[in-house]
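Student: Before anything else, here's the structure in question.
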Amino acid sequence: MEAQMKRGFLEACVLAAVSGEESYGYQIVKDVPASMGLTESTLYPLLKRLEKAGCITARSAEHNGRLRRYYRITETGHERIAELLAEWPSVQEIYRYVKGAHHDAR
Amino acid sequence: MTRDEFLNRLGELLACLPADQVRETQEFYAEAIADRMEDGMTEAEAVAAMGTLGEVAEATLDELPAVPRAIARTKRKSTALLWALAIVGSPVWIPLLLAFVAVAATVYICIWVLALCVWIVAAAFGGAGVVGLLFTADGIIIGHVPYVLTSMGMGFVSIGVALLAGAGAWTASKQIACLSALWAKKAVSPFWKDRGNKSRRGAEAAPLTA
(Lines give C-alpha, C1' and ligand atoms only; values in the text may rest on other atoms or scores of the structure.)
Protein backbone atom coordinates (compact mmCIF):
# COMPACT_ATOMS: atom_id res chain seq x y z
CA MET A 1 0.00 0.00 0.00
CA GLU A 2 1.29 3.46 -0.86
CA ALA A 3 2.91 5.00 2.23
CA GLN A 4 0.87 8.22 2.40
CA MET A 5 -2.42 6.38 1.86
CA LYS A 6 -1.49 3.79 4.46
CA ARG A 7 -0.67 6.54 6.92
CA GLY A 8 -4.14 8.04 6.45
CA PHE A 9 -5.84 4.67 6.85
CA LEU A 10 -3.75 3.85 9.92
CA GLU A 11 -4.68 7.14 11.51
CA ALA A 12 -8.37 6.46 10.86
CA CYS A 13 -8.08 2.91 12.21
CA VAL A 14 -6.36 4.02 15.42
CA LEU A 15 -8.91 6.79 15.95
CA ALA A 16 -11.69 4.26 15.35
CA ALA A 17 -10.07 1.87 17.85
CA VAL A 18 -10.28 4.50 20.61
CA SER A 19 -13.60 6.00 19.52
CA GLY A 20 -15.76 3.76 21.69
CA GLU A 21 -14.31 2.95 25.06
CA GLU A 22 -10.79 4.07 25.92
CA SER A 23 -8.10 1.63 24.87
CA TYR A 24 -4.39 0.94 25.34
CA GLY A 25 -1.47 0.21 23.04
CA TYR A 26 -1.59 -3.58 22.75
CA GLN A 27 -5.38 -3.62 22.54
CA ILE A 28 -5.25 -1.10 19.67
CA VAL A 29 -2.70 -3.28 17.84
CA LYS A 30 -5.06 -6.25 18.23
CA ASP A 31 -8.19 -4.30 17.22
CA VAL A 32 -6.87 -2.69 14.04
CA PRO A 33 -7.32 -4.99 11.00
CA ALA A 34 -4.26 -7.22 10.54
CA SER A 35 -3.98 -6.13 6.89
CA MET A 36 -2.75 -2.74 8.12
CA GLY A 37 0.27 -4.46 9.69
CA LEU A 38 0.18 -2.20 12.74
CA THR A 39 2.96 -2.81 15.23
CA GLU A 40 3.98 -1.02 18.40
CA SER A 41 6.82 0.74 16.59
CA THR A 42 4.30 2.23 14.15
CA LEU A 43 1.68 2.86 16.79
CA TYR A 44 3.80 4.81 19.26
CA PRO A 45 4.69 7.75 16.98
CA LEU A 46 1.16 7.75 15.62
CA LEU A 47 -0.35 8.01 19.11
CA LYS A 48 2.04 10.82 19.99
CA ARG A 49 1.09 12.65 16.81
CA LEU A 50 -2.64 12.23 17.41
CA GLU A 51 -2.27 13.32 21.03
CA LYS A 52 -0.32 16.39 19.99
CA ALA A 53 -2.99 17.23 17.41
CA GLY A 54 -5.66 17.03 20.14
CA CYS A 55 -7.37 14.07 18.44
CA ILE A 56 -6.94 11.80 21.47
CA THR A 57 -6.33 12.22 25.16
CA ALA A 58 -4.18 9.96 27.28
CA ARG A 59 -4.09 9.06 30.94
CA SER A 60 -2.12 6.60 33.02
CA ALA A 61 -3.94 4.19 35.30
CA GLU A 62 -2.82 1.28 37.44
CA HIS A 63 -3.26 -2.19 36.00
CA ASN A 64 -1.99 -5.33 37.77
CA GLY A 65 0.49 -3.34 39.84
CA ARG A 66 1.91 -1.38 36.94
CA LEU A 67 0.93 1.72 35.01
CA ARG A 68 -0.86 1.43 31.72
CA ARG A 69 -1.59 4.31 29.39
CA TYR A 70 -5.16 4.60 28.13
CA TYR A 71 -6.24 6.60 25.10
CA ARG A 72 -9.62 8.08 24.24
CA ILE A 73 -10.84 10.00 21.21
CA THR A 74 -11.75 13.71 21.49
CA GLU A 75 -14.23 15.79 19.52
CA THR A 76 -11.35 16.86 17.23
CA GLY A 77 -10.63 13.17 16.64
CA HIS A 78 -14.26 12.53 15.69
CA GLU A 79 -14.03 15.46 13.27
CA ARG A 80 -10.86 13.95 11.78
CA ILE A 81 -12.66 10.62 11.23
CA ALA A 82 -15.57 12.46 9.60
CA GLU A 83 -13.09 14.25 7.29
CA LEU A 84 -11.48 10.95 6.32
CA LEU A 85 -14.86 9.32 5.69
CA ALA A 86 -15.94 12.29 3.58
CA GLU A 87 -12.98 11.61 1.29
CA TRP A 88 -14.09 8.03 0.70
CA PRO A 89 -16.35 8.74 -2.36
CA SER A 90 -13.43 10.39 -4.16
CA VAL A 91 -11.20 7.40 -3.32
CA GLN A 92 -13.88 5.09 -4.76
CA GLU A 93 -14.10 7.27 -7.87
CA ILE A 94 -10.33 7.02 -8.38
CA TYR A 95 -10.50 3.26 -7.81
CA ARG A 96 -13.24 2.87 -10.44
CA TYR A 97 -11.32 5.03 -12.91
CA VAL A 98 -8.02 3.13 -12.46
CA LYS A 99 -9.78 -0.21 -12.56
CA GLY A 100 -11.73 0.74 -15.70
CA ALA A 101 -8.64 2.08 -17.48
CA HIS A 102 -6.65 -0.99 -16.51
CA HIS A 103 -9.45 -3.28 -17.71
CA ASP A 104 -9.81 -1.44 -21.03
CA ALA A 105 -6.08 -1.62 -21.66
CA ARG A 106 -6.10 -5.42 -21.35
CA MET B 1 16.74 -10.71 24.43
CA THR B 2 15.14 -9.87 27.76
CA ARG B 3 12.81 -6.95 28.34
CA ASP B 4 15.42 -5.00 30.32
CA GLU B 5 18.11 -5.57 27.70
CA PHE B 6 15.71 -4.34 24.99
CA LEU B 7 14.74 -1.23 26.94
CA ASN B 8 18.34 -0.38 27.93
CA ARG B 9 19.58 -0.79 24.37
CA LEU B 10 16.64 1.31 23.11
CA GLY B 11 17.58 4.00 25.61
CA GLU B 12 21.13 3.98 24.24
CA LEU B 13 19.92 4.25 20.64
CA LEU B 14 17.69 7.19 21.53
CA ALA B 15 20.29 8.89 23.73
CA CYS B 16 20.28 11.80 21.28
CA LEU B 17 16.72 12.68 22.41
CA PRO B 18 15.76 14.54 25.62
CA ALA B 19 15.78 12.29 28.68
CA ASP B 20 12.01 12.56 29.35
CA GLN B 21 11.25 11.58 25.75
CA VAL B 22 13.52 8.55 26.05
CA ARG B 23 11.87 7.53 29.33
CA GLU B 24 8.40 7.94 27.84
CA THR B 25 9.34 5.79 24.84
CA GLN B 26 10.82 3.11 27.11
CA GLU B 27 7.66 3.13 29.23
CA PHE B 28 5.49 2.62 26.15
CA TYR B 29 7.49 -0.42 25.04
CA ALA B 30 7.73 -1.78 28.61
CA GLU B 31 3.93 -1.62 28.79
CA ALA B 32 3.53 -3.26 25.37
CA ILE B 33 5.87 -6.11 26.36
CA ALA B 34 4.08 -6.58 29.70
CA ASP B 35 0.69 -6.66 27.94
CA ARG B 36 1.88 -9.31 25.49
CA MET B 37 3.29 -11.39 28.35
CA GLU B 38 -0.07 -11.11 30.12
CA ASP B 39 -1.62 -12.36 26.90
CA GLY B 40 0.43 -15.56 27.17
CA MET B 41 3.64 -14.80 25.30
CA THR B 42 7.04 -15.53 26.78
CA GLU B 43 9.32 -12.59 27.52
CA ALA B 44 11.49 -13.37 24.48
CA GLU B 45 8.45 -13.63 22.20
CA ALA B 46 7.00 -10.37 23.51
CA VAL B 47 10.31 -8.57 22.97
CA ALA B 48 10.65 -10.04 19.48
CA ALA B 49 7.13 -8.84 18.62
CA MET B 50 8.28 -5.23 19.12
CA GLY B 51 10.43 -5.53 16.00
CA THR B 52 14.16 -4.98 15.76
CA LEU B 53 15.76 -2.32 17.94
CA GLY B 54 16.85 -0.47 14.81
CA GLU B 55 13.26 -0.31 13.48
CA VAL B 56 11.90 0.85 16.83
CA ALA B 57 14.55 3.58 17.17
CA GLU B 58 14.11 4.70 13.55
CA ALA B 59 10.31 4.92 13.96
CA THR B 60 10.78 7.20 16.96
CA LEU B 61 13.40 9.37 15.26
CA ASP B 62 11.25 9.65 12.11
CA GLU B 63 8.94 11.95 14.05
CA LEU B 64 11.66 14.58 14.46
CA PRO B 65 11.89 17.52 12.04
CA ALA B 66 14.46 17.21 9.23
CA VAL B 67 17.44 18.98 10.82
CA PRO B 68 17.23 17.50 14.38
CA ARG B 69 16.58 14.07 12.78
CA ALA B 70 19.74 14.30 10.69
CA ILE B 71 21.72 15.42 13.76
CA ALA B 72 20.21 12.65 15.91
CA ARG B 73 20.98 9.97 13.33
CA THR B 74 24.56 11.14 12.92
CA LYS B 75 24.99 11.41 16.68
CA ARG B 76 23.56 7.91 17.04
CA LYS B 77 26.26 6.55 14.77
CA SER B 78 29.01 8.49 16.51
CA THR B 79 29.22 11.68 18.51
CA ALA B 80 32.75 12.17 17.18
CA LEU B 81 31.43 11.89 13.61
CA LEU B 82 28.80 14.53 14.38
CA TRP B 83 31.43 16.94 15.70
CA ALA B 84 33.76 16.17 12.81
CA LEU B 85 30.99 16.86 10.28
CA ALA B 86 29.92 20.01 12.13
CA ILE B 87 33.47 21.40 12.14
CA VAL B 88 34.55 20.27 8.66
CA GLY B 89 31.24 21.28 7.13
CA SER B 90 31.06 24.64 8.92
CA PRO B 91 32.24 26.66 5.87
CA VAL B 92 29.19 25.28 4.08
CA TRP B 93 26.46 25.02 6.68
CA ILE B 94 27.11 28.29 8.54
CA PRO B 95 26.72 30.51 5.42
CA LEU B 96 23.75 28.37 4.32
CA LEU B 97 22.11 28.79 7.73
CA LEU B 98 22.76 32.55 7.71
CA ALA B 99 21.34 32.82 4.18
CA PHE B 100 18.29 30.83 5.25
CA VAL B 101 17.71 33.09 8.27
CA ALA B 102 18.21 36.21 6.13
CA VAL B 103 15.75 35.04 3.45
CA ALA B 104 13.18 33.94 6.04
CA ALA B 105 13.43 37.29 7.87
CA THR B 106 13.29 39.28 4.62
CA VAL B 107 10.15 37.54 3.40
CA TYR B 108 8.57 38.05 6.84
CA ILE B 109 9.41 41.77 6.80
CA CYS B 110 8.18 42.16 3.19
CA ILE B 111 4.83 40.65 4.14
CA TRP B 112 4.37 43.24 6.89
CA VAL B 113 5.63 46.11 4.72
CA LEU B 114 2.71 45.31 2.39
CA ALA B 115 0.28 45.80 5.27
CA LEU B 116 2.05 49.01 6.29
CA CYS B 117 1.70 50.37 2.72
CA VAL B 118 -2.08 49.92 2.79
CA TRP B 119 -2.28 51.71 6.15
CA ILE B 120 -0.12 54.57 4.82
CA VAL B 121 -2.49 55.00 1.84
CA ALA B 122 -5.48 55.06 4.23
CA ALA B 123 -3.73 57.59 6.50
CA ALA B 124 -2.83 59.77 3.50
CA PHE B 125 -6.45 59.94 2.39
CA GLY B 126 -7.51 60.65 5.98
CA GLY B 127 -4.98 63.51 6.14
CA ALA B 128 -6.17 64.87 2.81
CA GLY B 129 -9.75 64.79 4.11
CA VAL B 130 -8.84 66.76 7.21
CA VAL B 131 -6.96 69.32 5.12
CA GLY B 132 -9.99 69.57 2.79
CA LEU B 133 -12.20 70.35 5.78
CA LEU B 134 -9.70 72.96 7.04
CA PHE B 135 -9.81 74.60 3.59
CA THR B 136 -13.61 74.55 3.91
CA ALA B 137 -13.32 76.52 7.16
CA ASP B 138 -11.00 78.98 5.40
CA GLY B 139 -13.55 79.33 2.58
CA ILE B 140 -16.30 80.08 5.08
CA ILE B 141 -14.10 82.76 6.71
CA ILE B 142 -13.43 84.49 3.39
CA GLY B 143 -17.04 83.86 2.27
CA HIS B 144 -16.22 82.12 -1.05
CA VAL B 145 -19.12 79.65 -1.61
CA PRO B 146 -17.74 77.66 -4.63
CA TYR B 147 -14.41 77.24 -2.80
CA VAL B 148 -16.25 76.06 0.32
CA LEU B 149 -18.31 73.52 -1.64
CA THR B 150 -15.29 72.20 -3.57
CA SER B 151 -13.14 71.89 -0.46
CA MET B 152 -15.94 70.28 1.54
CA GLY B 153 -16.64 67.81 -1.28
CA MET B 154 -12.96 66.90 -1.62
CA GLY B 155 -12.63 66.63 2.15
CA PHE B 156 -15.59 64.26 2.54
CA VAL B 157 -14.60 62.18 -0.47
CA SER B 158 -11.06 61.81 0.93
CA ILE B 159 -12.37 60.83 4.36
CA GLY B 160 -14.72 58.33 2.72
CA VAL B 161 -11.85 56.80 0.74
CA ALA B 162 -9.74 56.79 3.94
CA LEU B 163 -12.46 54.87 5.80
CA LEU B 164 -12.79 52.38 2.95
CA ALA B 165 -9.02 52.01 2.68
CA GLY B 166 -8.82 51.65 6.49
CA ALA B 167 -11.38 48.87 6.46
CA GLY B 168 -9.46 47.22 3.61
CA ALA B 169 -6.19 47.69 5.48
CA TRP B 170 -7.67 46.07 8.59
CA THR B 171 -8.88 43.06 6.60
CA ALA B 172 -5.57 42.88 4.74
CA SER B 173 -3.66 43.07 8.03
CA LYS B 174 -5.61 40.12 9.41
CA GLN B 175 -4.93 38.13 6.24
CA ILE B 176 -1.27 39.13 6.31
CA ALA B 177 -1.04 38.11 9.98
CA CYS B 178 -2.25 34.63 8.96
CA LEU B 179 0.15 34.61 6.01
CA SER B 180 3.10 35.66 8.16
CA ALA B 181 2.23 33.01 10.77
CA LEU B 182 2.08 30.43 7.98
CA TRP B 183 5.43 31.60 6.66
CA ALA B 184 7.00 31.55 10.12
CA LYS B 185 5.73 27.98 10.57
CA LYS B 186 7.15 26.96 7.20
CA ALA B 187 10.46 28.66 7.90
CA VAL B 188 10.99 26.79 11.18
CA SER B 189 9.59 23.46 9.91
CA PRO B 190 13.02 21.94 9.17
CA PHE B 191 13.94 22.55 12.82
CA TRP B 192 10.66 22.27 14.67
CA LYS B 193 7.73 20.09 13.70
CA ASP B 194 4.23 21.09 14.75
CA ARG B 195 1.79 18.49 13.59
CA GLY B 196 -0.52 19.41 16.42
CA ASN B 197 -2.38 22.08 14.52
CA LYS B 198 -5.35 21.89 16.83
CA SER B 199 -5.45 22.85 20.48
CA ARG B 200 -4.39 20.29 23.02
CA ARG B 201 -7.72 20.53 24.78
CA GLY B 202 -8.12 17.87 27.38
CA ALA B 203 -4.68 16.45 26.65
CA GLU B 204 -4.39 15.27 30.19
CA ALA B 205 -7.57 13.68 31.38
CA ALA B 206 -8.32 13.30 35.04
CA PRO B 207 -7.03 10.03 36.49
CA LEU B 208 -9.61 7.27 36.75
CA THR B 209 -9.38 3.80 38.12
CA ALA B 210 -8.70 1.02 35.64
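The values are calculated or read from the model by the stated rules, or taken from the named source; none is laboratory data. Small disclaimer: the values here were computed from a predicted structure and weren't measured. Glycine also receives a Cβ, built like all others from the backbone with ideal geometry; neighbour counts cover every protein chain displayed. All accessible areas refer to the heavy atoms of the entire protein, side chains included, with ligands and DNA or RNA removed. Shrake-Rupley method; radii C 1.70, N 1.55, O 1.52, S 1.80 Å.
Student: Provide the per-residue ³J(HN,Hα) series for the stretch A:62-74, in order, calculated from phi with Karplus coefficients 6.51, -1.76, 1.60 and θ = phi - 60°, each as a whole number of Hz, with x at glycine and proline positions.
Tutor: Each residue of the stretch A:62-74 in turn: 6, 9, 6, x, 9, 8, 10, 9, 10, 10, 9, 6, 10 Hz.
Student: Could you give the angle, 0 to 90 degrees to the nearest 10, between helix B:19-38's Cα long axis and the longest principal axis of the Cα atoms of chain B?
Tutor: Approximately 50 degrees, to the nearest 10.
Student: Let me ask you something else. What number, rounded to the nearest 500 deg cm²/dmol, is the helix-based mean residue ellipticity at 222 nm of chain B, given -39500 (n - 2.57) per DSSP H run of at least four residues and division by all its residues? List each step's numbers first, then the result.
Tutor: Numbers: 8 runs with 166 residues, N = 210.
Calculated from helices alone, the mean residue ellipticity at 222 nm is -27500 deg cm²/dmol.
Student: Taking each residue of B:28-40 in turn, how many C-beta atoms of other protein chains fall within 10 Å of its C-beta, and what is the average?
Tutor: Partner-chain Cβ atoms within 10 Å, mean over residues of B:28-40: 5.
Student: Now, a different point. What dipole magnitude, in Debye to the nearest 20, does the protein assembly as shown give about its Cα centre under +1 on Lys/Arg Cβ and -1 on Asp/Glu Cβ?
Tutor: Charge dipole of the protein assembly as shown: 820 debye, to the nearest 20.
Student: Got a sec? Charge dipole of chain A, +1 on Cβ for Lys and Arg, -1 for Asp and Glu; which of A:TYR95, A:VAL32, A:ALA105 is way out at the positive end?
Tutor: Farthest along the dipole direction, towards plus: A:VAL32.
Student: Okay, moving on. With every protein chain in place, what's the accessible area of B:VAL118 (1.4 Å probe, Å², nearest 10)?
Tutor: 50 Å²
Student: What residues qualify as long-range amide H neighbours of A:TYR24, i.e. H under 5 Å apart, gap of 5 or more or another chain, H built at 1.01 Å from N?
Tutor: For A:TYR24, whose amide H was placed from the backbone, the distant partners under 5 Å are A:TYR71.
Student: Two decimals is fine: what's Rg over Rh for the stretch B:71-135, C-alpha atoms, Kirkwood radius as Rh?
Tutor: In the stretch B:71-135, Rg relative to Rh is 1.54.
Student: With +1 on each Lys and Arg Cβ and -1 on each Asp and Glu Cβ, and nothing else charged, work out how big the dipole of the stretch B:1-51 is about its Cα centre, in Debye to the nearest 20.
Tutor: Details: 4 positive and 12 negative charges, 39 e Å.
Here the size comes out at about 180 debye.
Student: Now for a different question. Taking θ = phi - 60°, what integer Hz values does the Karplus form 6.51 cos²θ - 1.76 cosθ + 1.60 yield along the stretch B:63-70, in sequence order, with x for Gly and Pro?
Tutor: These are the phi-based 3J(HN,Hα) values: 7, 6, x, 3, 5, x, 5, 4 Hz.
Student: May I ask you to evaluate 6.51 cos²θ - 1.76 cosθ + 1.60, the Karplus curve with θ = phi - 60°, for each residue of the stretch A:84-99 and list the ³J(HN,Hα) values in order in whole Hz, giving x for glycine and proline?
Tutor: For the stretch A:84-99, the Karplus curve yields 5, 5, 5, 7, 4, x, 5, 5, 4, 4, 5, 4, 5, 5, 5, 5 Hz.
Student: Here's a follow-up. Considering the dipole of the protein assembly as shown built from charges on the beta carbon (Lys and Arg +1, Asp and Glu -1) around the Cα centre, which of A:LEU46, B:LEU133, A:THR74 is farthest to its positive end?
Tutor: Checking the options against the dipole of the protein assembly as shown, the answer is B:LEU133.
Student: Something else: Assuming a viscosity of 1.567 mPa s and a temperature of 4 °C, what translational diffusion coefficient in µm² per second does Stokes-Einstein assign to the stretch B:6-88, Rh being the Kirkwood radius over Cα pairs?
Tutor: Approximately 94 µm²/s, per Stokes-Einstein.
Student: Could you report the accessible area of B:ARG73 in Å², rounded to 10, computed with a 1.4 Å probe on the protein chains as they sit in the structure?
Tutor: 70 Å²
Student: Sort A:HIS63, A:HIS102, A:HIS78 from largest to smallest accessible area, using a 1.4 Å probe on the heavy atoms of the protein chains.
Tutor: I get A:HIS102, A:HIS78, A:HIS63, largest accessible area first.
Student: Still on this structure, please answer the following. With every protein chain left in place and a probe of 1.4 Å, what is the accessible surface of B:ILE140, to the nearest 10 Å²?
Tutor: Spelled out: B:ILE140, probe radius 1.4 Å, area about 110 Å².
Student: If you average 1/r over all unlike Cα pairs in chain A and invert the result, what Kirkwood radius do you get in angstrom?
Tutor: Radius from the Kirkwood sum: 15.2 Å.
Student: Here's another thing I want to ask about it. Using the Cα centre of chain B as origin and beta-carbon charges of +1 (Lys, Arg) and -1 (Asp, Glu), tell me which of B:ALA44, B:PHE28, B:ALA177 is placed farthest towards the positive end of the dipole.
Tutor: It is B:ALA177.
Student: If you find the alpha carbon centre of the stretch B:16-53 and of the stretch A:11-37, how far apart are they in angstrom?
Tutor: 18 Å
Student: Any idea what the dipole of chain B comes to, in debye rounded to 20, about its Cα centre with Lys/Arg Cβ at +1 and Asp/Glu Cβ at -1?
Tutor: 1040 debye
Student: Straight-line reach from B:LYS186: which aspartates and glutamates have a Cα under 20 Å away, not including same-chain ones fewer than 8 places off?
Tutor: Straight-distance partners of B:LYS186: B:ASP62, B:GLU63, B:ASP194.
Student: Moving on. Sorted by accessible area with a 1.4 angstrom probe, largest first, how do A:MET36, A:MET5, B:MET37 fall?
Tutor: Values: A:MET36 15, A:MET5 95, B:MET37 75 Å².
Listed by decreasing accessible area, they come as A:MET5, B:MET37, A:MET36.
Student: Take A:ILE81 and B:THR42, extend 7 Å from each Cα along the Cα→Cβ direction, and tell me the distance between the two endpoints in nm.
Tutor: Between A:ILE81 and B:THR42, the label points sit 3.9 nm apart.
Student: Sort A:SER35, B:SER189 from largest to smallest accessible area, using a 1.4 Å probe on the heavy atoms of the protein chains.
Tutor: Largest to smallest exposure gives the sequence A:SER35, B:SER189.
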